[in-house]
Amino acid sequence: MSKLHLVFGGRVADPQGMDFTNPADLHIVGIFPDYAQAEAAWRANAQRTVDDATMRYVVVHLHKLLQPDN
């Protein structure tokens, strides 16, 4: 199975948390076939919004959701 990774971001209520204030407005960057590509996409978007403390981008390991035992 591919080790897919999802990168997305959006505005959070607290810069220290993961509570996205408006899930309908999440910026879906994309799904990537490996962590290196996902990290590069995450880094580019996080750097672009570095001056906005309420914007957060994350990498989600989709393969861990699809096969939690692996």
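Any chance you could count how many residues in the stretch 1-18 are exposed (fewer than 13 other Cβ atoms within 10 Å of the Cβ) and under 13 Å from the mean Cα position of the chain (by Cα)? Lay out the reasoning, then the answer.
The initial filter retains those residues of the stretch 1-18 that are exposed (fewer than 13 other Cβ atoms within 10 Å of the Cβ), namely 1-2, 13-18.
From the residues that got through so far, the ones that are under 13 Å from the mean Cα position of the chain (by Cα) too are 18.
The qualifying residues number 1.
Considering only residues of the stretch 33-60 that are among the β-branched types (Val, Ile, Thr) and within 14 Å of ARG11 (Cβ to Cβ), which is nearest to the chain's Cα centre (by Cα)? Give the derivation first.
If we filter the stretch 33-60 for residues that are among the β-branched types (Val, Ile, Thr), which is where we start, we get 49-50, 54, 58-60.
Now drop any that are not within 14 Å of ARG11 (Cβ to Cβ), which leaves 49, 54, 58.
Numbers: THR49: 13, THR54: 14, VAL58: 2 Å.
That would be VAL58.
Considering each residue of the stretch 16-70, count those that are at pLDDT 95 or above, aliphatic (A, V, I, L, M) and under 21 Å from SER2 (Cβ atoms), and give that number.
10
Cβ-Cβ distance below 6 Å, separation of 6 or more or different chains: which pairs start in the stretch 31-43 with a residue that is closer than 15 Å to HIS63 by Cα and end on one that is assigned to a loop (DSSP other than H, G, I, E, B)?
ILE31/LEU4; PRO33/SER2
Need pairs with beta-carbon distance below 9 Å; first residue part of a loop (DSSP other than H, G, I, E, B) and within the stretch 8-21, second of a type in the set (Lys, Arg); sequence gap 6+ or separate chains.
What qualifies is PRO15/ARG56; GLY17/ARG56; MET18/ARG56; THR21/ARG11.
Among (1) within 12 Å of the chain's Cα centre (by Cα); (2) assigned to a helix (DSSP H, G or I); (3) of a type outside the set (S, T, N, Q), which single condition is HIS63 missing?
(1)
The values are calculated or read from the model by the stated rules, or taken from the named source; none is laboratory data. Every value quoted in this text rests on a predicted model; they were computed, and no experiment measured them. With ideal geometry, Cβ positions are generated from the backbone for all residues, glycine too; neighbour counts draw on all protein chains shown.
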